[in-house]
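The values are calculated or read from the model by the stated rules, or taken from the named source; none is laboratory data. Nothing here was measured: the structure is a model prediction, and the numbers come from that model. A quick note on method: Cβ atoms are made from the backbone with ideal geometry, for glycine too, and the neighbour counts reach across all protein chains shown. What goes into the accessible areas is simple: the full protein's heavy atoms, side chains included, and nothing from ligands, DNA or RNA. Shrake-Rupley method; radii C 1.70, N 1.55, O 1.52, S 1.80 Å.
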Amino acid sequence: MIEGPRLDAERAPVVTVRPAVLERNARRVADRFDGELVGVTKGVAGDPRVARAMLEGGATAIADSRLVNLRRLRETGDVDCECYLLRTPMRSEVEDVVRDVDVSMQSEPSILRAIGAAASRRDVDHRAVLAVDVGDRREGIMPDDLESTLATVEAFDGVEIVGIAAHVGSLNGVVPTAESAAHFVELVERAERAVGRQLPIRSGGSSNALSLCFAGDLPTEVTQLRVGEAILLGTDPATGEVLPGFETDAFVLSADVIECKPKPSTPDGTVRRDAFGESPTAEDRGTRDRAIVALGRVDVAVEGLTPVRDGIDVFGASSDHTVLDVTDARGTVRPGDSIAFSPEYGALARSVASQYVTTAYG
C-alpha cells in the first residue's frame, strides 16, 4: 500500500492477500514456459510479499511500471533479483532509473540519450529493452522504424540495448495471435541483422500471451514473458476467463456495512449528473433492501467487484459509498457486517494503491 495515514485495519476496508496461491500460479506459468518469467507487480503497487511469492514460484525477475514501487522492493531487502521498469520514464526520472533499475523499457531515443548521459556520469552502462508497437497503439516504436532506431541508440554512450519487447491488449484490447507473435520474432531478427548481433531478450508479451504459450503456438524464439494478472488473479486478460488449472482467490477485498434499509430502487427528483459527471439510470424494481459499505470509487473500480456472498448485487457507487442490493442475499445483512468481494484487475490495482485501504496476509 502507498504511504498514507495509519489506519485501523479492523475498521478500514481490507485487501487480504494469500501469497501461497500466488506462488502456485507463478509455478504454473514457469513450468509451462521454456524461457524467463518476469513477475509483474504493478497491479499490487509493488507489494514485496507478492514479489517474493512470484520469485518462489519460478519468476527470475520482477517488473513494475512505477519507480516508487521498484524502490520499495529494493528497500525491503527481501527481493534479491533484477528489477525492470516497464513504463518509459519521465525525463525528470532518468537519474533515478540509472540508480534504482537494472533494465528499463524504452521507446523514445531522446529519453534514452538522457539516461545514457546519466549512466556515463556514474561510469556505468544502463541496460534497456526497446518497445515495439505491434498493433495496440500504446507505447512502442513503429515496426518500420525499429531497425533505424536501434542503430541510432546503439551508438549512445552509457546504454546497452539488450532486447526488444512487445505488448498488446491494455489500450485497445488487441488480442495476441500466433501470426502476430511470429511477426514480432521476424521484426526482432531483422533488427538484429541490421546491427550485426543477437539480442538476448525477446520479450514477447504479458499474461495475454499465455494462451498461445499453453497451446504451443508461441514461437520458441520468444525468450521472455512479463506476467502479472495470470499470477495475481488466474485469468486471461484477453478474455477475462480463468486459465485452466489456475487459482482465482489470491485476493479478497472486504468492507463494512454502514447502513442497511429498504429503499425505492429509483430516485425522487430531477436527475442530472452524478458526482463523477455521469448520467446514471435506474431500473424501477420497487422497494429493495439496500446496504451501503464504506468503500467508494476513490478506493476501487467498483464495476470490477463481484460479491462473494450469493444474492448480493452492486448497484452503484459514489466517492466514498458503494450501494448494494441485498434483498436476495444469502443470510441477513446488518450494519457492522463485513462484505467480501472478489476483485478484477482494475479493482485490485486501485484498491491496493488507495491510502484508505489496508493490506493483510492470509
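Does the stretch 301-314 hold any residues that are part of a loop (DSSP other than H, G, I, E, B), of a type outside the set (Val, Ile, Thr) and open to solvent by 50 Å² or more (accessible area, probe 1.4 Å), and which are they? Break it down stepwise before answering.
Keep residues of the stretch 301-314 that are part of a loop (DSSP other than H, G, I, E, B), which gives 301, 308-312.
Next, only the ones that are of a type outside the set (Val, Ile, Thr) stay: 301, 309-311.
Answer for the stretch 301-314, where residues must be part of a loop (DSSP other than H, G, I, E, B), of a type outside the set (Val, Ile, Thr) and open to solvent by 50 Å² or more (accessible area, probe 1.4 Å): ARG309, ASP310.
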(request) Please find, within the stretch 237-260, the residue that is farthest from the chain's Cα centre (by Cα) out of those that are under 15 Å from LEU348 (Cα atoms) and open to solvent by less than 50 Å² (accessible area, probe 1.4 Å). (result) ALA255
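Would you confirm, using the coordinates I've provided, whether ILE231 is aliphatic (A, V, I, L, M) and either more than 30 Å from VAL21 (Cβ to Cβ) or open to solvent by 70 Å² or more (accessible area, probe 1.4 Å) (or both)? Give the steps one after another, and end with the answer.
Details: aliphatic (A, V, I, L, M): yes; either more than 30 Å from VAL21 (Cβ to Cβ) or open to solvent by 70 Å² or more (accessible area, probe 1.4 Å) (or both): no.
Against the criterion (aliphatic (A, V, I, L, M) and either more than 30 Å from VAL21 (Cβ to Cβ) or open to solvent by 70 Å² or more (accessible area, probe 1.4 Å) (or both)), ILE231 does not qualify.
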(request) Examine the stretch 279-300 for a residue that is at pLDDT 95 or above, within 30 Å of ALA59 (Cα to Cα), in contact with a strand residue (DSSP E or B) (Cβ under 6 Å, 6 or more places away or on another chain) and open to solvent by 20 Å² or more (accessible area, probe 1.4 Å), and state whether such a residue exists. (result) no
(message) If ASP328 meets every condition in (1) touching a residue at least 40 places away in the same chain (Cβ under 8 Å); (2) acidic (Asp, Glu); (3) open to solvent by 20 Å² or more (accessible area, probe 1.4 Å) apart from one, which number is that one?
(response) (1)
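If I filter the stretch 138-149 down to residues being assigned to a loop (DSSP other than H, G, I, E, B) and open to solvent by 30 Å² or more (accessible area, probe 1.4 Å), which single residue comes out as farthest from ARG197 (Cα to Cα)? Quick ask: steps written out before the conclusion?
Step one: list which residues in the stretch 138-149 are assigned to a loop (DSSP other than H, G, I, E, B), which gives 138-140, 142.
Subset that is open to solvent by 30 Å² or more (accessible area, probe 1.4 Å): 138-139, 142.
Working: ARG138: 28, GLU139: 25, MET142: 21 Å.
Here the residue is ARG138.
Listed here are the residues, each with its yes/no results for (1) within 20 Å of the chain's Cα centre (by Cα); (2) buried (at least 19 other Cβ atoms within 10 Å of the Cβ); (3) part of a helix (DSSP H, G or I); (4) of a type in the set (Val, Ile, Thr).
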| site | (1), (2), (3), (4) |
| --- | --- |
| ASP78 | no, no, no, no |
| SER120 | no, no, yes, no |
| GLY135 | yes, yes, no, no |
| ALA151 | no, no, yes, no |
| LEU171 | yes, no, no, no |
(request) Could you figure out which of (1) modelled with pLDDT of 95 or more; (2) of a type in the set (Asp, Glu); (3) open to solvent by 10 Å² or more (accessible area, probe 1.4 Å) isn't true of ASP64? (result) (3)
(request) Please go through the stretch 80-106 and pick out each residue that is polar (S, T, N, Q), surrounded by fewer than 19 Cβ atoms within 10 Å (Cβ to Cβ) and in contact with a Leu (Cβ under 7 Å, 6 or more places away or on another chain). (result) none
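Quick one: how many residues across the stretch 37-52 are in contact with a strand residue (DSSP E or B) (Cβ under 8 Å, 6 or more places away or on another chain) and open to solvent by 50 Å² or more (accessible area, probe 1.4 Å)?
2
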(request) Select, from ALA317, ALA275, ALA349, the only residue that is surrounded by fewer than 16 Cβ atoms within 10 Å (Cβ to Cβ), hydrophobic (A, V, I, L, M, F, W, C), out of contact with any Phe, Trp or Tyr (no Cβ under 7 Å at 6 or more places or on another chain) and closer than 22 Å to PRO13 by Cα. (result) ALA275
(request) Scan ALA238, ALA291, ALA275, ALA255 and give me the residue that is closer than 27 Å to SER338 by Cβ, assigned to a loop (DSSP other than H, G, I, E, B) and small (Gly, Ala, Ser). (result) ALA275
